[in-house]
Amino acid sequence: MEGRYVTRRNQSINEVYIMIKFVAFDVDGTLLERDYLPESAIKAIQQLKERGVTVALCTGRSEYEMKSLRERLGIDWSITCNGSHIGYRGETVYGNAFPRETVSRWLSEADRLNHALLLYGSKHMFANRADDPYIRQARQEIGMMEPLMIDRDKEIPEIYQCIVFCDERGEEHYIGQDRSNYYLHRWREWAMDINPNGMNKAMGLRKLLDHLNISPQEAAAFGDGTNDFEMIESVGTGIAMGNAPEQLKQKARFVTKPLREDGIAYAVEKWILNRAM
């Protein structure tokens, strides 16, 4: 499959020649598939760094889960929890946490309804139930790390994302009638991410770009999922993986090859390195 060029409405032809100073990578389905990380992607990221391009992970996962991958790739920055947390070498630079009373209420509701919750902090991820079948299934499908049991006798830590394991009928118990109060991403029929109001990957990415004094037009982003919609549209060079859904491909400027066909390396060589600093 050849990559293709997608022209957006109102796009200036001069935008094509703006230098790329920053590249953000989604993780699952983009950089890796469970434990499979293409050697070509590792090499492409190294080439970007050698050119002086700042590289960041941008994922719905937690900072805690990204530590080993970030260190393996030599990446300093990570935008995690669908944009609600930004870390530099694992330390919090920005975080938009839920009110602790909200998390406490969700824990009570989950107990009452027999639901499992995963709670993402900056240093750890927590669960309210031990050996839950949905958490086991999520770990099996996407390689999720084992959470710690949350200690109800201690103060609730700052939580930047909640995954509630319930179907659509159970959502209302956590988010109420007004869905605009949260950013929601249902990634399985039985699992949904909840993030604080106004947060998504694009918002987290924009905060980091502002921090680094880099304009969105000088940035590129790779993604493959429905929680990448906003991010792909928010940068000058949005790149959808060949294994992405058609809705995301339509939002992207470029569509590269699938992950398992060296899609990262293909796009970096074709559309980024010749425009990097």
Residue check, Glu101 against (1) closer than 17 Å to Cys162 by Cα; (2) surrounded by 14 or more Cβ atoms within 10 Å (Cβ to Cβ), all met but one. Which one?
(2)
Could you give every pair whose Cβ atoms fall below 9 Å, whose first residue belongs to segment 78-106 and is more than 15 Å from Tyr183 (Cα to Cα), and whose second residue is of a type in the set (Gly, Ala, Ser) and assigned to a helix (DSSP H, G or I), counting only separations of at least 6 or pairs across chains?
Ile79/Gly204; Ile86/Gly204; Tyr94/Gly204
Breaking point among (1) under 15 Å from the mean Cα position of the chain (by Cα); (2) of a type in the set (S, T, N, Q); (3) not assigned by TED's automatic domain parsing to the domain that holds Glu39, for Ser108
(1)
Single match in Ile42, Ile75 (criterion: part of a loop (DSSP other than H, G, I, E, B), surrounded by fewer than 22 Cβ atoms within 10 Å (Cβ to Cβ) and free of Cβ contacts under 8 Å to residues at least 40 places away in the same chain):
Ile75
Condition broken by Arg253, with the remaining ones in (1) assigned by TED's automatic domain parsing to the domain that holds Glu109; (2) surrounded by 15 or more Cβ atoms within 10 Å (Cβ to Cβ); (3) among the basic types (Lys, Arg) satisfied
(1)
Only one of Ala41, Ala97 is under 23 Å from Glu146 (Cβ atoms), at pLDDT 95 or above and of a type in the set (A, V, I, L, M). Can you tell me which?
Ala97
Which of the residues that make up segment 1-38 are farther than 19 Å from Lys249 by Cα, outside any loop (DSSP other than H, G, I, E, B) and either modelled with pLDDT under 85 or not assigned by TED's automatic domain parsing to the domain that holds Arg72 (or both)?
Ile13, Asn14, Glu15, Tyr17
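The values are calculated or read from the model by the stated rules, or taken from the named source; none is laboratory data. Predicted model, so just to flag it, every value in this text is computed and none were measured. A quick note on method: Cβ atoms are made from the backbone with ideal geometry, for glycine too, and the neighbour counts reach across all protein chains shown.
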